[in-house]
Amino acid sequence: MFFQNAYDKIMLSLLTGFRIWNHERLEQMSKKLKTFLKKYREVIVYILLGGVATLINWVAAYLLQFWLDEQIVWQNAVINTVAWAAANAFAYPALRKWVFKSKNKHILKECIEFFSSRIFTWILEIILMAVTVNLLHMNFWISKIIVGLIIVVANYIISKLIVFRKKRKRRRVQ
C-alpha cells in the first residue's frame, strides 16, 4: 500500500510538472510561430498560391501533351504558353487580393502591368524549356520543375518590386 501511494504521488508530480512545462513551452512556441507567420505572411501565402498556380500550369501542360509533342520546339512553346496563360489568369486576382493586398483603384492598369511583367518570365520559361528539353534532351517534367522554381522566384521579385509596389508616403517639408 505504501509503495502504491508513493508511486501515485511521484507519477502525479511528474505528470503535473510535465503538463506545466509542456503548457508553458507550448505557449512560447505558439508566440514564436505567430511572430514568424506575421513576419513572413506575404512570402508564405505567395508560396501557397504560387503552388496552386504551378499546379494549374502543370495540369494544363499535361493535358496539352495529349495533342501536342513537347519534343517539337514550336509545340513545346505552345504547351508552355497555354499553361502559362492559365496559371497567370488565376495568379493575378489571387496575388492581388491575398498576397500583396493591393488597394490600387486602377485595376486595369495594374493588370496590364502584371501581365506585361510576366511576359519576361514567360519568355524565360520558353527559352529554358527549349534548351533543357530540345537541346539537352532532359525529361520534360524534370525540366518543368527546375524551370518552374526559377520562374516562381523571378515572378515574386518582379511582382513585389514592380507590379504591387507600395506607394511611399512622402513627408512634406515646410
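Computed from the coordinates by the stated procedures, all read-outs in this text should not be read as laboratory data. It should be emphasised that the depicted structure is a prediction, and the values quoted were computed from it without experimental measurement. Here the Cβ is made from the backbone with ideal geometry for all residues, glycine too, and neighbour counts use every protein chain on show.
Karplus-based coupling profile of region 86-92, in residue order and whole Hz: 5, 5, 6, 5, 7, 5, 4, with θ = phi - 60° in 6.51 cos²θ - 1.76 cosθ + 1.60 and x standing for Gly or Pro. Within the shell of other residues whose beta carbon sits under 11 angstrom from the beta carbon of Lys34, the net charge comes to +4, with Lys and Arg scored +1 and Asp and Glu -1. Partner aspartates and glutamates whose Cα lies under 18 Å from the Cα of Lys144, excluding those fewer than 8 positions away in the same chain, are identified as Asp69, Glu70, Glu125. Any aspartates and glutamates with Cα under 15 Å of the Lys166 Cα? List them, leaving off those in the same chain fewer than 8 positions away. Within the straight-line cut-off, Lys166 pairs with Glu42, Glu110, Glu113. Packing, as the average of other Cβ atoms within 10 Å across residues, places the peptides 73-86, 35-48 in the order 73-86, 35-48, highest first. Ellipsoid fit via the Cα gyration tensor, region 41-163: semi-axes of 27, 14, 13 Å, each the root of five times an eigenvalue, largest first.
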